[in-house]
């Protein structure tokens, strides 16, 4: 079993710690230019009854069994997600968030410094050092019955010395936005509603990041019709 799969499983069970930090406008004053980059996105995961059973069965056999079961569960969800991605021709979610964010910042955040965009995704955010850097990272992307689309995105602004000047994590979930959550409905018609859900989630995520940079945090966008 690949160690990366086991790590993915552990992240699913325990999550990742993230601390939001409000941006001080004074911190932008000395910045004349900054690098903007994205971390390579993780694969889309699709949770099914089979993947849930694999995880639960492993946990029944203690810590070691839980680790093995979790690895199998993560592998199954990744395989399911890859199949769904290809079948529904889904876009690269993390890349779309990054490009929209980069496009909107200069237009919507007053006094934002000049940016230099890294075209190639980084293996990790530490790859940018000794300069001001705005890093966007998709932590997890998952589709599951009952929750719909779940996307966990973090953006942070870091100083050349590594100090975090701003950080914001947006956790989008179809269910919490009163959107369609049934997998079969989302997958129908070659994923028509799922692609629409992607676009809504991306717009919502980027808008919330922009609002936070402007010091105006808002509630997630909600479609009352849930469609």
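Two decimals is fine: what is log10 I(q)/I(0) at q = 0.22 Å⁻¹ for the range 75-163, from a Debye sum with one equal scatterer on every Cα and no solvent?
For the range 75-163, the Cα-only Debye profile gives -1.19.
For 154, 48, 205, what ranking results if the residue with the fewest other Cβ atoms within 10 Å of its Cβ goes first?
48, 154, 205
Determine, for 101, 200, the number of other Cβ atoms within 10 Å of each Cβ, and report the residues in order from fewest to most. Provide the component values of the computation, followed by the final result.
Values: 101 22, 200 18.
Fewest-to-most Cβ neighbours within 10 Å comes out as 200, 101.
Label point 7 Å out from residue 199 along Cα-to-Cβ: which residues of the range 132-161 have amide N under 18 Å?
149
Taking neighbour counts of Cβ atoms within 10 Å as a proxy for exposure, in what order, fewest first, do 77, 34 appear?
34, 77
Read-outs: derived from the displayed coordinates by stated rules, not from any lab. Everything numeric here is computed off the predicted structure, so don't read it as measured data. In this analysis, Cβ positions are derived from the backbone assuming ideal geometry, glycine residues included, and neighbour counts consider all displayed protein chains.
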